[in-house]
Amino acid sequence: MVASKAVLQVFSRASPCVYSYDRGIYSSNSVLSPKSNVICIKNKGIGYTKWHNGLQNRLSVYGFRCGEPGDGDSHGKTSGNRLKFFICKCRGVESTGGLTADDGRRTSLPVNGKSSVPRSQDFEFTQQSKNENGGFASNDKSEASGAIIDTIDKAYSTSIEEEAWDLLRASMVYYCGNPIGTIAANDLSSSTILNYDQVFIRDFIPSGIAFLLKGEYDIVRNFILHTLQLQSWEKTMDCYSPGQGLMPASFKVRTVPLDGDDSATEDVLDPDFGEAAIGRVAPVDSGLWWIILLRAYGKCSGDLSVQERVDVQTGIKMILKLCLADGFDMFPTLLVTDGSCMIDRRMGIHGHPLEIQALFYSALLCGREMLAQEDGSADLMRALNNRLVALSFHIREYYWIDMKKLNEIYRYKTEEYSYDAVNKFNIYPDQIPPWLVQFMPDRGGYLIGNLQPAHMEFRFFSLGNLWSIVSCLATLDQSHAILDLIEAKWAELVADMPFKICYPALEGQEWRIITGSDPKNTPWSYHNGGSWPTLLWQLTVACIKMNRPEIAEKAVKLAERRISGDKWPEYYDTKQGRFIGKQSRLFQTWSIAGYLVAKLLLANPNAAKILVNEEDSELVNTFSSMISANPRRNRGRKVLKRSFIV
Ligand code: GLC
């Protein structure tokens, strides 16, 4: 830090300005809601105490009691049918092995809205003026200038990383004195906080990975165990309860006064399963990300005791059972409503969106790896294996498009009634949008966004494609082809800021009908073709997996030019990603963490293993037997009915 700051001060006109700022942890004085979930008690000012009479009274009203997350059996054996309400006996800050609250809350933050890291433009100016002044005219001198520029670049990048770490720590949320997550955005300039002061499950994933890669495991362990307790909460919306196993979209730590005791407060975890979210969207991706993070935690820390706990095993099973439950589906893909993932409002992605399928596949593989082999789980294992095969077959066969496939679709016959139909989903060739004819490169391809009867969603959805590479849902060739397409379409998908959430934007009548005239999702903004820096980390994992890290490096360099100076926005607007998003939060935590994870992984590509799934040879064999039995190669009905047990 010292070295990098010194270099910055010499070469930049904008000297870094650092000051200490205490944003504090989130706390609110709002009254304890009857649906509040996990509780601990602390004395105002002096730390944490044991049970209080008032709380004990309340305990008897609600009739619950369980051990703290560290007990290891609250989920399964001890608590039996999983309790509605959880109480943790608080341990003081000193008892946590990792960071203290104070460590986390003190940070250097921008002064008067100015970032403490100078923008890269300042360096470019400095470099240019050196040349103009004739300082480095000869070859030797240009070599010297090259070395200096390299040093400046490195120092600049290090300085951004340092700022990012400070900001990430400033976003940490504490529960009973222990870190358990990071808030979505730490944007004090925003007048409407909405729910950005909450810990979102999906938003915490890059934060968690960054902490894991840094060797700070406590926060991730706490997050995993506390969110697991929330899973059991009985959630209702207008008298209806979604399935058990659902993980919340987000939660909040409330510090509330303790009944009848002015000198004490209690921390309460208050989850939102979508019943308060804008549009009341169900967070299908939360549980899937939770499983992925749990596996990464075990792989990175070497501590397998968390995934082996009875309550954690039960939690994994509940999530998977919820996903594998029978419904009316004809397809192995998961059927969900609009807004059930990162795109959490109406954007025409209801049905079988790719992002959910990639996370589902990944969670099935991670779950299979972590589930204890025991008699009671044989049925689940069988269902899981069958689903893995069917899902990968379905996506690889029917979601894939490239020039060749597009040409096939262009010449499709329609209205085929038979088991052996080639155009199974009755896609009308006129659906091929004009933009796609231009967009599809000769080399490369991608997985479409969604597939329904008579409807192929041709928009390119980044997270779904990137995670299909990471999870092995896409074949090796398809994975390379997706990266080929990203390289070929850099100007469209990256332009000035990585990475477009989807391409292209919905415009005009289409925007009106599909988004419901959503003013936040106007063309090339937010979910509708906006550019999201957080996607850098998924891009980096995918590139490292395919041994093509240079693509991610290029994207990270591009982001570094602006991201800190722009105060770490949530997203950028316009086709080129040139403007900070109209309603974008600043100091968005997953923009910060996404950048950090990308940097950490590029510096140590081997570490990407904690996230990557490898191709399973048994699955491949089963898959190839299905491919050769494909109706396009005259598959009969009997083969379709076969059940595959791996
Ligand atoms: C927005 C994003 C969602 C994210 C949330 C909090 O709603 O669409 O994916 O989790 O903000 O950052």
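The values are calculated or read from the model by the stated rules, or taken from the named source; none is laboratory data. Worth saying up front: this structure is predicted, and the values here are computed from it rather than measured. FYI the Cβ positions are ideal-geometry reconstructions off the backbone, even for glycines, and counts take in every protein chain you see.
Any idea how many residues of region 583-612 are away from the ligand (no atom under 14 Å from the Cβ) and either in contact (Cβ under 8 Å) with a residue 60 or more places away in the chain or closer than 24 Å to LEU359 by Cβ (or both)? Reasoning before the result, please.
First pass over region 583-612, keeping only residues away from the ligand (no atom under 14 Å from the Cβ): 595-612.
Next, only the ones that are either in contact (Cβ under 8 Å) with a residue 60 or more places away in the chain or closer than 24 Å to LEU359 by Cβ (or both) stay: 595-602, 604-612.
Of the residues in region 583-612, 17 are away from the ligand (no atom under 14 Å from the Cβ) and either in contact (Cβ under 8 Å) with a residue 60 or more places away in the chain or closer than 24 Å to LEU359 by Cβ (or both).
Each row is one residue, and each column tells you yes or no for (1) free of Cβ contacts under 8 Å to residues at least 24 places away in the same chain; (2) away from the ligand (no atom under 16 Å from the Cβ); (3) surrounded by 24 or more Cβ atoms within 10 Å (Cβ to Cβ).
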site	(1), (2), (3)
ALA296	no, yes, no
ARG309	no, yes, no
LYS317	no, yes, no
LEU322	no, yes, no
ARG345	no, no, no
PHE360	no, yes, yes
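What number of residues in region 544-558 are farther than 19 Å from TRP532 by Cβ and of a type in the set (D, E, K, R)? Break it down into steps so the answer makes sense when it comes.
Restricting attention to region 544-558, the residues satisfying the condition of being farther than 19 Å from TRP532 by Cβ are 544-550.
The next check asks that each one be of a type in the set (D, E, K, R); those that pass are 545, 548, 550.
Count: 3.
Kindly provide the set of residues from region 268-289 that are assigned to a helix (DSSP H, G or I) and either modelled with pLDDT under 95 or touching a Ser or Thr at 6+ places or on another chain (Cβ under 6 Å) (or both), ordered by number.
Step one: filter region 268-289 for residues assigned to a helix (DSSP H, G or I), giving 284-289.
Across region 268-289, the qualifying residue is only VAL284.
Restricting attention to helices (runs of 4 or more DSSP H) lying wholly within region 433-511, give those where 2 or more residues are surrounded by 21 or more Cβ atoms within 10 Å (Cβ to Cβ) and out of contact with any Lys or Arg (no Cβ under 7 Å at 6 or more places or on another chain). Even if it seems obvious, please write down each step before you answer.
Details: elements: 434-439, 462-471, 476-488, 490-493.
Result: 462-471, 476-488.
Please go through region 210-236 and give me each residue that is over 20 Å from VAL541 (Cβ atoms) and modelled with pLDDT of 90 or more, ordered by number. Before you say what the answer is, go through the steps one by one.
Start the filter on region 210-236 by keeping residues that are over 20 Å from VAL541 (Cβ atoms), which leaves 218-219, 221-222, 225-236.
Scanning region 210-236 gives ASP218, ILE219, ARG221, ASN222, LEU225, HIS226, THR227, LEU228, GLN229, LEU230.
Can you tell me how many residues in region 356-379 are part of a helix (DSSP H, G or I) and over 26 Å from the mean Cα position of the chain (by Cα)? Can you show your working first?
First, the residues of region 356-379 that are part of a helix (DSSP H, G or I): 356-370, 375-379.
Next cut, over 26 Å from the mean Cα position of the chain (by Cα) only: 375-379.
Residues meeting the conditions: 5.
Looking at this structure, is PRO283 touching a residue at least 60 places away in the same chain (Cβ under 8 Å) and within 16 Å of the ligand (Cβ to nearest atom)?
So PRO283 fits the description; yes.
Determine which member of the set SER301, SER241, SER305 is crowded, with 17+ Cβ neighbours inside 10 Å, farther than 29 Å from ALA505 by Cα and away from the ligand (no atom under 15 Å from the Cβ).
Details: SER241 fails: crowded, with 17+ Cβ neighbours inside 10 Å; SER305 fails: crowded, with 17+ Cβ neighbours inside 10 Å.
Checking each option against the conditions leaves just SER301.
Of all residues in region 242-297, count the ones that are within 27 Å of LEU601 (Cα to Cα) and aromatic (Phe, Trp, Tyr).
Result for region 242-297: 3.
Residues of region 171-182 being surrounded by 24 or more Cβ atoms within 10 Å (Cβ to Cβ) and not in a strand (DSSP E or B), which ones?
SER171, CYS176
Output the number of residues of region 234-267 satisfying the condition of being without any contact (Cβ under 8 Å) to a residue 24 or more places away in the chain, among the hydroxyl-bearing types (Ser, Thr, Tyr) and either on the phi > 0 side of the Ramachandran plot or part of a strand (DSSP E or B) (or both).
So the count comes out to 1.
Can you tell me how many residues within region 328-343 are hydrophobic (A, V, I, L, M, F, W, C), within 11 Å of ASP285 (Cβ to Cβ) and touching a residue at least 60 places away in the same chain (Cβ under 8 Å)? Walk me through how you get there before you give the answer.
Keep residues of region 328-343 that are hydrophobic (A, V, I, L, M, F, W, C), which gives 328, 330-331, 334-336, 341-343.
Subsequent filtering for residues that are within 11 Å of ASP285 (Cβ to Cβ) retains 334, 336, 341-343.
The next check asks that each one be touching a residue at least 60 places away in the same chain (Cβ under 8 Å); those that pass are 341-343.
Residues flagged as hydrophobic (A, V, I, L, M, F, W, C), within 11 Å of ASP285 (Cβ to Cβ) and touching a residue at least 60 places away in the same chain (Cβ under 8 Å) within region 328-343 amount to 3.
Taking PRO332 as meeting all but one of (1) assigned to a helix (DSSP H, G or I); (2) closer than 30 Å to GLY279 by Cα, write down the number of the exception.
Of (1) assigned to a helix (DSSP H, G or I); (2) closer than 30 Å to GLY279 by Cα, only one is false for PRO332: (1).
Could you list, in sequence order, the residues of region 183-201 that are near the ligand (Cβ under 9 Å from one of its atoms) and surrounded by fewer than 23 Cβ atoms within 10 Å (Cβ to Cβ)?
LEU194, ASN195, TYR196
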